[in-house]
1. Name the residue that is modelled with the lowest pLDDT, counting only residues in region 202-218 that are out of contact with any helix residue (DSSP H, G or I) (no Cβ under 7 Å at 6 or more places or on another chain) and of a type outside the set (A, V, I, L, M).
2. Can you report the number of residues in region 336-381 which are at pLDDT 75 or above and either assigned to a strand (DSSP E or B) or closer than 22 Å to Met89 by Cα (or both)?
3. Under 8 Å by Cβ, and 6 or more places apart or on different chains, what pairs join a residue from region 298-314 that is under 14 Å from Ala30 (Cα atoms) with one that is not hydrophobic (A, V, I, L, M, F, W, C)?
4. For residues that are among the basic types (Lys, Arg) and surrounded by fewer than 22 Cβ atoms within 10 Å (Cβ to Cβ), scanning just region 386-435, find the one that is modelled with the lowest pLDDT.
5. Looking at Gly120, is it at positive phi and modelled with pLDDT of 95 or more?
6. Arg38: without any contact (Cβ under 8 Å) to a residue 60 or more places away in the chain, in contact with a strand residue (DSSP E or B) (Cβ under 6 Å, 6 or more places away or on another chain), surrounded by fewer than 22 Cβ atoms within 10 Å (Cβ to Cβ) and of a type outside the set (Gly, Ala, Ser), yes or no?
Amino acid sequence: MRGPADLTVVGAGFAGLCLAARAVEGGWPAAQVKVIARGLGSFALHPGTIDVAWDPEQLRAVLQGEAASSIWGEDHPYRQLRAGELEQMFTRFAGVMAKAGLPYERCEQPGNFLLPTTLGTAHPAWAAPRSLVAGDLGRPEPVLLVGFDQLPAVKVDWIAAALQRWSEQRRHSGQPAPAAVSAVVLATAPMLAAAGLPLGDLDGAYPQASLSAWGRLWERKAVWQWVSERLPRQPIWRELGENSRILFPLLGWEQTEPARLYLGKALGRPVGELLGGLPSPAGVRLGQALLRLLAQAGVDCDWGRRVEQVSWVPVAREGRWRLHGVVEETGERFDWQTEGLAWAAGWNNPLPLQRGSGAGNLGLAGDPTPGRDAPESGGERWLVQAGESSWRSWRPEWAGSRSGSLLVSVEWAWRRLAASAGFGRGEGVQAGSAAHSLAGAGSPGEGSGDEPGMMTHLEEGAS
């Protein structure tokens, strides 16, 4: 059997970039994968967490493969999940993100993490970056929020007061919550001086520092050293005890692990950051990490292009998908042909499929697991949808499932593509001249999507 076709992913949000990364990790030659998008998706609004279901009973049903009997509609990605399958999907995602320096953890206890936000609320999340997990409000250890006088966007005194009231209500009802939530505000000017920065050097934004400027400041080791020396001198430090947890507004803009590990060791206590802010630091990090992975693998991303029509062009026995659109900066028209097409352009950008393209029944909502539901012959076997553009409806009660639903829809889309390319059937994959692996684990022939570990690793030029 010949190797996989060229693959074009339309859309660069969470679903689009994850699907491109999943394809490369699954063994698709990176040189044959292309991303076309108007721009980077709404990562600035993304919490960076994997939210499966906010309601504990709904979450249990999804994880145990019983979503078909709960609130999820017929076209919702959860309907096809089997017990333990979501955990396998997350393991793959977390393995890839760890390679980008953005480690994720999922909640091992029944239920969700309860992550403190900059709004003074608790955000339920089934999985989250490690920098956010330290603040889980479902644990009894006291929490200290550390703020700075020249970061008005994050008022830790107000946040701590709101979370303290929330914790008292939880404990009164017999649920676990921090024994205390306190706050301390440090002076910014001495910290900047310690980092060798004059007052006006904070991205031109001092004293009204933006979150992005503050995050970049926190990527300096001199800042970590100053905080680790100054914080233990505060009176509240001795009151909290050694089992307390320390949360900062944020621990960096692109990377958080260096600051988290350094401060955790220096202070002798778990260290993390608050969830929230606009733009969302955790969401921006997620998008940038995915872009770095794709760039390192050699995937081409073509920006500023709006696809207006998709049609099927018969070519010999197979055929190709044809994309018509416009380059937004210049207004020029473009025409692009691809054998494999993954549409992940968001809920407000439905697939603009030209009528009479011969796509037939796409079966986009089902689970095309190789060997169980093999795709049809013809163009439809190379066309998938992922993300919100693949759902025919949306219900308000699904609000707590957005990122989890996207993760599952990416896996379903990948399995359909993998089945079309012959993954998992013993034929192997013709890797071409530029095949890469994002996670560097596995071996040729493991790309069926049913294995719980990492996906295929293809050496350059292997077959």
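The values are calculated or read from the model by the stated rules, or taken from the named source; none is laboratory data. Predicted, not measured: the structure shown is a model, and the values here were computed from it. Cβ: placed from backbone, ideal geometry, glycine included. Neighbour counts: every protein chain shown.
1. As a first pass, look at region 202-218 and keep what is out of contact with any helix residue (DSSP H, G or I) (no Cβ under 7 Å at 6 or more places or on another chain): 204, 207-210, 212-214, 216.
This time we only want the ones that are of a type outside the set (A, V, I, L, M), so: 204, 207-208, 210, 212, 214, 216.
Details: Gly204: 47, Pro207: 43, Gln208: 48, Ser210: 77, Ser212: 84, Trp214: 87, Arg216: 88.
Filtering first and then ranking leaves Pro207.
2. Filtering region 336-381 for residues at pLDDT 75 or above gives 336-354.
From what's left, either assigned to a strand (DSSP E or B) or closer than 22 Å to Met89 by Cα (or both): 336-338, 340-346, 353.
The total comes to 11.
3. Listed pairs, sorted by first residue: Gly298/His436; Val299/Lys34; Asp300/Lys34; Cys301/Lys34.
4. Taking region 386-435 as the starting set, the residues that turn out to be among the basic types (Lys, Arg) are 392, 395, 402, 415-416, 425.
Then drop every residue that is not surrounded by fewer than 22 Cβ atoms within 10 Å (Cβ to Cβ), which leaves 392, 395, 402, 425.
Details: Arg392: 62, Arg395: 70, Arg402: 84, Arg425: 39.
Checking each candidate, the answer is Arg425.
5. Working: at positive phi: yes; modelled with pLDDT of 95 or more: yes.
Taking the combined requirement at face value, the residue satisfies it.
6. Numbers: without any contact (Cβ under 8 Å) to a residue 60 or more places away in the chain: no; in contact with a strand residue (DSSP E or B) (Cβ under 6 Å, 6 or more places away or on another chain): yes; surrounded by fewer than 22 Cβ atoms within 10 Å (Cβ to Cβ): yes; of a type outside the set (Gly, Ala, Ser): yes.
No, not satisfied.
For (1) over 23 Å from Ala399 (Cβ atoms); (2) in contact with a strand residue (DSSP E or B) (Cβ under 7 Å, 6 or more places away or on another chain), each residue gets a yes or a no:
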site: Glu25; (1), (2): yes, no
site: Ala31; (1), (2): yes, no
site: Phe43; (1), (2): no, no
site: Gly48; (1), (2): no, yes
site: Pro56; (1), (2): no, no
site: Ala61; (1), (2): no, no
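Here's the yes/no breakdown for (1) more than 23 Å from Ser280 (Cα to Cα); (2) assigned by TED's automatic domain parsing to the domain that holds Thr91; (3) touching a residue at least 60 places away in the same chain (Cβ under 8 Å):
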{"position": "Glu141", "(1), (2), (3)": "yes, no, yes"}
{"position": "Ala153", "(1), (2), (3)": "no, no, yes"}
{"position": "Trp158", "(1), (2), (3)": "no, no, no"}
{"position": "Gln164", "(1), (2), (3)": "yes, no, no"}
{"position": "Gln169", "(1), (2), (3)": "yes, no, no"}
